[in-house]
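Only one structure is covered here, and it is reproduced in the block below.
The values are calculated or read from the model by the stated rules, or taken from the named source; none is laboratory data. Small disclaimer: the values here were computed from a predicted structure and weren't measured. Every residue, glycine among them, receives a Cβ derived from its backbone with ideal geometry; neighbour counts consider all protein chains shown. Side chains are part of the model used for accessible areas, which takes the heavy atoms of the whole protein and leaves out ligands, DNA and RNA. Shrake-Rupley method; radii C 1.70, N 1.55, O 1.52, S 1.80 Å.
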Amino acid sequence: MATLFAKVETVLGMEVHAELLTQSKMFCGCSTQFGAPPNSQCCPVCLGLPGSLPVPNRAAVEHVLRTALALNCRINWRSIFHRKNYFYPDLPKAYQISQYDVPIGVDGYLDVRLDGEVKRIRIRRVHLEEDTGKLFHIEAATSFVDYNRSGVPLMEVVSEPDIYSAEEARAYLRALRLVLVWIGASDGKMEQGSLRCEPNISIRPAGTTELGTKVELKNLNSFQSVYQGVAYEVERQTQALARGEELVQETRRWDEERLITAPMRTKEYAHDYRYFPEPDLVPLEFDAPWIERLRAGLPELPEARYARYVRDYGLSEYEASLLIERDQPQVSDFFDAALRAYGGDPKRVSNWMQSDFLRLFNAAGEDWPAVKVRPEHLAAMLKLQDKGQISGKIAKEVFEVMWTTGKPPEQIVQERGLQVIGTEEDLAPIIDQVLAQHPAVVESIRKGEEGKFNFLVGQVMRATRGKADPGLVNRMLRERIAG
Ligand SMILES: [Zn+2]
């Protein structure tokens, strides 16, 4: 068996469905709000009643265009909708409006980082369709259907079979999800079903190029289930071939509880769906100004930003990923803005971001709108520290107050009397008092017990509540002890 394992390789393509972040549905004005009472967000269009006519949602079209641009796709200037015909209780029209041979975006790629290496995964297509309703199987022979999801704008991103392991599949999904969340096309909430993944998995003898029999895993909705489902399926197929069984092209589901895949149905082929151009909709036609406006509105994407931090700022891969790999691009926007305002060592800004900023941000539930501290205030605080006006210990206190109040650091230092005691005049009485309180310590330092010196420094820092300049304290103590 072991020898056989060594002789096969895994080939995967991924289909990812993302519900798009729009207020209203794809072809009608119904709300897309998640969690409303069943069947409360429906109308004749999304229920497929006779005589109703669809009108495309411009925001949804633009989300798909932006995604296609972010994934380096070529845009089809004239793109059309097709009907995909099949009967299912969650599909009241008995067809889904989708795209077939002229999708909005084609031939792109996504760079995915795994174990420090970047792998380019080609994107075959990005297209727009509508979601189906949702079935609830309550008990044997009883199902309910909720049409609130029926007609919600849905985007499908299909990769080429460029993925070769469960780890790569998971890394691809993470990278794609981050792009979709950053550009605002999707909320990426896999647990709510707004991002779902369907890997097509096949194995083949190592070194050959023809694809093996494809098995599609349906509706995986977490990174873990993608990883586990793919790993399971690779092993199942490998063992089946070892036993001399023939694999069938089929759709299987992942059983989260038993951690196995189980057959759902034999896989349909395109001709099963009797695709034909949607007669109720005119083609989508794009022009260069429209596309260029959308392209110009895209943020700097996660992978580009990551590369910039490592290459230009000398951040470690770990430091860069802490700033980038989160659903709020605002965190790295903040870092960039603070660094611009500070103008000093990027590592210093990054250290504050990673320690105090992210600790407080995570503790507050990663709620970006609630963040009060401003990037220019972090920069100003670092400058106060550089000029020796506050100590490192005080800076931590100032940052916490900036975090809770949004006040600028100068004001906080002023109001709380946190300035460093920086003049010899101010420090002299305090130092003299500490020396007077510890004559025995002074005596032993004079006899060469150098280890006790830091005790005196500590006493002065305590007496000044951390506001003394440690360098000055050292010098003044030395002078007096020597004197
Ligand atoms: Zn509707």
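Filter the range 35-55 for residues that are loosely packed, with under 12 Cβ neighbours inside 10 Å and either within 7 Å of the ligand (Cβ to nearest atom) or small (Gly, Ala, Ser) (or both); which is nearest to residue 279 (Cα to Cα)?
The qualifying residue nearest to residue 279 (Cα to Cα) is 51.
Can you name every residue in the range 387-409 that is modelled with pLDDT of 90 or more and under 23 Å from residue 462 (Cα atoms)?
Within the range 387-409, 395, 396, 397, 398, 399, 400, 401, 409 qualify.
Report, ordered by the first and then the second residue, all pairs with beta carbons closer than 8 Å, sequence separation of six or more or different chains, a first member in the range 264-288 that is closer than 17 Å to residue 88 by Cα and among the β-branched types (Val, Ile, Thr), and a second member that is open to solvent by less than 90 Å² (accessible area, probe 1.4 Å) and at pLDDT below 95.
266/248; 266/249; 266/250; 266/251
Can you list residue pairs whose Cβ atoms sit under 7 Å apart, with the first residue in the range 25-43 being over 12 Å from residue 153 (Cα atoms) and the second being more than 10 Å from the ligand (Cβ to nearest atom) and not in a loop (DSSP other than H, G, I, E, B)? Count only pairs 6 or more apart in sequence or on different chains.
34/192; 38/146; 39/146
Helices (runs of 4 or more DSSP H) wholly in the range 258-339 with at least 2 residues that are closer than 26 Å to residue 115 by Cα and within 31 Å of the chain's Cα centre (by Cα) - which ones?
302-312, 317-324
Of all residues in the range 395-440, how many are without any contact (Cβ under 8 Å) to a residue 12 or more places away in the chain and part of a helix (DSSP H, G or I)?
Here the count works out to 9.
For every residue, the table says whether it meets (1) open to solvent by 40 Å² or more (accessible area, probe 1.4 Å); (2) in contact with a Pro (Cβ under 8 Å, 6 or more places away or on another chain); (3) free of Cβ contacts under 8 Å to residues at least 24 places away in the same chain; (4) closer than 30 Å to residue 465 by Cβ.
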residue	(1), (2), (3), (4)
317	yes, no, no, no
320	no, no, yes, no
372	yes, no, no, yes
385	yes, no, yes, yes
393	yes, no, no, yes
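What single numbered condition from (1) closer than 20 Å to residue 459 by Cα; (2) touching a helix residue (DSSP H, G or I) at 6+ places or on another chain (Cβ under 8 Å); (3) aliphatic (A, V, I, L, M) fails to hold for residue 440?
Every condition holds for residue 440 apart from (2).
Could you please find all residues in the range 221-257 being in a helix (DSSP H, G or I), of a type in the set (Gly, Ala, Ser) and touching a helix residue (DSSP H, G or I) at 6+ places or on another chain (Cβ under 6 Å)?
If the condition is that a residue be in a helix (DSSP H, G or I), of a type in the set (Gly, Ala, Ser) and touching a helix residue (DSSP H, G or I) at 6+ places or on another chain (Cβ under 6 Å), then 231, 242 are the ones that fit.
Contact list please: Cβ distance under 9 Å, first residue in the range 69-94 and among the β-branched types (Val, Ile, Thr), second residue loosely packed, with under 15 Cβ neighbours inside 10 Å, pairs at least six apart or on different chains.
Pairs found: 80/101; 80/277; 80/282; 80/283.
Which residue is nearest to residue 291 (Cα to Cα), if the candidates are limited to the range 1-31 and must be assigned to a loop (DSSP other than H, G, I, E, B) and within 10 Å of the ligand (Cβ to nearest atom)?
For the range 1-31, the residue satisfying everything is 26.
Is it the case that the range 469-477 has a residue that's under 18 Å from residue 418 (Cα atoms) and either outside any helix (DSSP H, G or I) or among the polar types (S, T, N, Q) (or both)?
Yes, the range 469-477 has at least one match.
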